[in-house]
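What follows draws every value from the coordinates through simple rules; no lab data is involved. No experiment lies behind these values; they were computed from the predicted model shown. Note that each Cβ is placed from the backbone with ideal geometry, even for glycine, and that neighbours are counted across all protein chains shown.
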């Protein structure tokens, strides 16, 4: 397919019939699946793990020192196992706020994490990308930049994430600088910070201080707001490695928000039974939340859940299956009882392309995530191949469908005078139609969600337009969106200071590719 030449025009937020919103304010009730008895049994299992099994904090002497100063001595064969009174751990978790605001460079794009709010962010961490023209390939910085621009342009993605695809043409030791700088300058949506090493986390915080100012960061922290979040996984089962513990120390010490997510494939990193793995995920996340409160009481924290089933024949992860769907509902209820914001996965699939398998698995994964009440949904768009690849077409297709969730959850069923349309019955006789009524004319633009990528025309019109399937339509749309991209304005002095910081740090760091 020939790609059109690109001309720079003003950026637009018109890719969805849903008005652009910085996040979803939920009106739809949660789908609470578990009974009180079931919840209490799972919580008892969580407490048993905290007190009798324990969570290891490995290769981080400073983390063990923090626990020791709180009165908890590490035990176990490696002297790094933390067991603690469950009531005390819950009391520490209660210090984390139930909701907080992450400030964006553009105040109109700031998001509230927690409470009854839901925020959608794209895929995170894929080393490969795929599109109809270029096929599957290792991601480059050019790919990363295009995906970031698309995320910025799409109104149904409220948050930029960070590693929308790994720019593998930049050394690992330096690529975090380019990615954070790009998020700060090519978009004005909130985003995540680097976590893979302590220095990289600190680089992020230093750059955020340049962007927002250190005095403002501290003032916003006192007001309960954050300027940056970071997402990290525990090394399940039952292990918090120093990547996670050091990231918590860097971000939480400055009252910035940590998202900690146990990554559990049931049957491998957790027991094969869903209830046991849910309890393990809760225990791992709660121990990290408690640790964050020891670092700085009141530090914002988001409990993550990424629980997936697997093929017990091959060991391959599976998505959209009933077991992870159930785990979303269960974690949603448990997180609300604990009073901590929740992060879940989004449009997940093991499919390699945007086919029927991808549609089924992504729809089931995303629908349960939304109904369960995920406050921050990572991987909401673009996920392919079990997270190994970011699909350009998949990103646009998923984001298109997110608009329907935004309307479903954010609006619900309206029952005001306009919704009941009594005046329309004065115009329409029995056997007539409502197409030309005043009520229809007043509401036709907002009455129904209209997905931009779906084709509802008759077959003749579809054939005349080229018989394009959704993948082709998505390909054309993302190329058209990039044609319309224009970077949001930024203070030139701040941009130059950020660029100088990146250049200086790159000079200081070796070129390491692993």
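Name the shape class, rounded, prolate or oblate, that the alpha-carbon gyration tensor gives for the range 16-74, where a ≥ b ≥ c are the square roots of its eigenvalues, rounded holds for a/c under 1.5, and otherwise prolate holds if a/b is larger than b/c and oblate otherwise. Oblate is the answer for the range 16-74, as a/c is 1.5 or above yet b/c matches or exceeds a/b. The Cα-based radius of gyration of the chain, divided by its Kirkwood radius, gives an Rg/Rh of 0.98.
If you wrap a convex hull around the C-alpha atoms of the range 419-514 and split its volume per residue, what is the figure in Å³? Kindly include the intermediate steps, with their values, before the conclusion.
Working: hull volume 25.3 nm³, N = 96.
About 264 Å³ per residue, rounded to a whole number.
For the pair residue 456 and residue 487 in one chain, pulling the backbone fully straight at 0.36 nm per residue adds 7.8 nm over the alpha carbon distance. Angle of helix 470-483 to the longest C-alpha principal axis of the chain, folded into 0 to 90 degrees and rounded to 10: 80°.
Quick one: plug the Kirkwood hydrodynamic radius of the range 468-514 (C-alpha pairs) into Stokes-Einstein at 4 °C, 1.567 mPa s, and report D in µm²/s. Stokes-Einstein gives a translational diffusion coefficient of 90 µm²/s. Round to the nearest 10 and give me the degree value, 0 to 90, for the angle of helix 392-411's Cα axis relative to the longest principal axis of the chain. Result, in degrees: 90.
In terms of overall dimensions, the C-alpha atoms belonging to the range 49-105 reach 46, 26, 19 Å along their principal axes, ordered largest to smallest. Mind checking the angle between helix 492-508 and the chain's longest principal axis? C-alpha axes, 0 to 90 degrees, to the nearest 10. The two axes meet at around 50 degrees. Short-range pairs are left out: with C-alpha atoms under 8 Å and at least six residues apart, the relative contact order of the range 352-484 is 24 percent. For the range 271-335, the direction-averaged projected area of the alpha-carbon convex hull comes to 4.9 nm².
With 5 Å bins beginning at zero, the pair-distance distribution over Cα atoms of the range 340-447 amounts to 2, 11, 18, 15, 11, 9, 9, 10, 8, 5, 2, 0 %. Ordered by the number of other Cβ atoms lying within 10 Å of each residue's own Cβ, fewest first, 344, 93 fall into the sequence 93, 344. Taking the helices alone, the chain has a mean residue ellipticity at 222 nm of -13500 deg cm²/dmol, built from -39,500 (n - 2.57) per DSSP H run of at least 4 residues and averaged over all its residues.
Based on the Kirkwood approach, the hydrodynamic radius assigned to the range 311-375 is 12.4 Å, with every pair of different Cα atoms included. Counting every C-alpha pair in the range 217-345, the share spaced more than 18 angstrom apart comes to 52%.
Ratio to report: Rg/Rh of the range 103-170, with Cα atoms as the point set and Rh obtained by the Kirkwood method; give two decimals. Don't skip to the answer; put the middle values down first.
Values: Rg = 13.7 Å, Rh = 13.2 Å.
Answer for the range 103-170: 1.04.
Per-residue Cβ neighbour counts within 10 Å put 459, 163 in the sequence 459, 163, beginning with the fewest.
Largest first, the three principal axis extents of the alpha carbons in the range 56-210 are 56, 36, 31 Å in whole numbers. DSSP assigns beta bridges within the chain; of those with both partners inside it, close to 35 percent run antiparallel. Listed from fewest to most Cβ neighbours within 10 Å, the set 470, 397 follows the order 470, 397.
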